[in-house]
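Asks: The structure that follows is given in the form of structure tokens.
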Amino acid sequence: MYNVFVYGSLKQGFHNHKILQAQEFIGRFRTAQASYHMQHLGVYPGVTHQGNSYIQGELYKVNDECLVLLDELEENGKVYQRELIEIADYPERCWMYFLVKQDVAFSEGQNKFQINAERSASHQILAWEVDKS
């Protein structure tokens, strides 16, 4: 089993969550370090290492088959790259997908999405949510 931290369309309530429905939901967490930046790519977000924000998301335990499906969805190694990171208040390292192709933009779908920022002591915590306006 693998720990996978998701922050975008794979979260509960979003269109790609169906891939994770049969997997074990651990909980909602944020990254341990505030060293990331979240980009708005249309109907998907992308996270890079060039930033000073925490990323908020959901943690799952996934099996081999699910990890292969996630790698295919995220185009691991082409558009996103899966890397091990630390999650706040969780004892094990977790996989997270980072944007590697900077010139990508997705525009499919009808829903509007936004990046919500909330302040912690000295950094932002970024979360991908449905725009309800």
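The values are calculated or read from the model by the stated rules, or taken from the named source; none is laboratory data. Worth saying up front: this structure is predicted, and the values here are computed from it rather than measured. A quick note on method: Cβ atoms are made from the backbone with ideal geometry, for glycine too, and the neighbour counts reach across all protein chains shown.
Asks: For segment 38-50, which positions are in a strand (DSSP E or B) and more than 16 Å from residue 5 (Cβ to Cβ)?
Replies: Residues satisfying the conditions are 39, 40, 42, 50.
Asks: Let me ask another. Is it the case that segment 85-97 has a residue that's at pLDDT below 95 and surrounded by 15 or more Cβ atoms within 10 Å (Cβ to Cβ)?
Replies: No - not one qualifying residue is present in segment 85-97.
Asks: Still on this structure, please answer the following. Tell me which of these residue 104 doesn't satisfy, since it passes every other one: (1) modelled with pLDDT of 65 or more; (2) over 17 Å from residue 29 (Cα atoms); (3) β-branched (Val, Ile, Thr).
Replies: Among (1) modelled with pLDDT of 65 or more; (2) over 17 Å from residue 29 (Cα atoms); (3) β-branched (Val, Ile, Thr), residue 104 violates only (1).
Asks: Additional query: Could you tell me how many of the residues in segment 47-63 are touching a residue at least 24 places away in the same chain (Cβ under 8 Å), surrounded by fewer than 19 Cβ atoms within 10 Å (Cβ to Cβ) and more than 12 Å from the chain's Cα centre (by Cα)?
Replies: The number of residues fulfilling the criteria is 4.
Asks: When segment 25-37 is examined, which residues are found to be within 17 Å of residue 85 (Cβ to Cβ) and either touching a Pro at 6+ places or on another chain (Cβ under 7 Å) or assigned to a strand (DSSP E or B) (or both)?
Replies: Hits for segment 25-37 are 26, 27, 28, 29, 30, 31, 36, 37.
Asks: Do you know which residues across segment 74-95 are without any contact (Cβ under 8 Å) to a residue 40 or more places away in the chain, in a loop (DSSP other than H, G, I, E, B) and hydrophobic (A, V, I, L, M, F, W, C)?
Replies: 79
Asks: A further question follows. In this structure, does residue 22 turn out to be touching a helix residue (DSSP H, G or I) at 6+ places or on another chain (Cβ under 9 Å) and either among the aliphatic types (A, V, I, L, M) or in a strand (DSSP E or B) (or both)?
Replies: yes
Asks: Here's another thing I want to ask about it. I'd like the residue in segment 21-42 that is within 13 Å of the chain's Cα centre (by Cα) and more than 15 Å from residue 100 (Cβ to Cβ) and, out of all such residues, is surrounded by the most Cβ atoms within 10 Å (Cβ to Cβ).
Replies: Result: 31.
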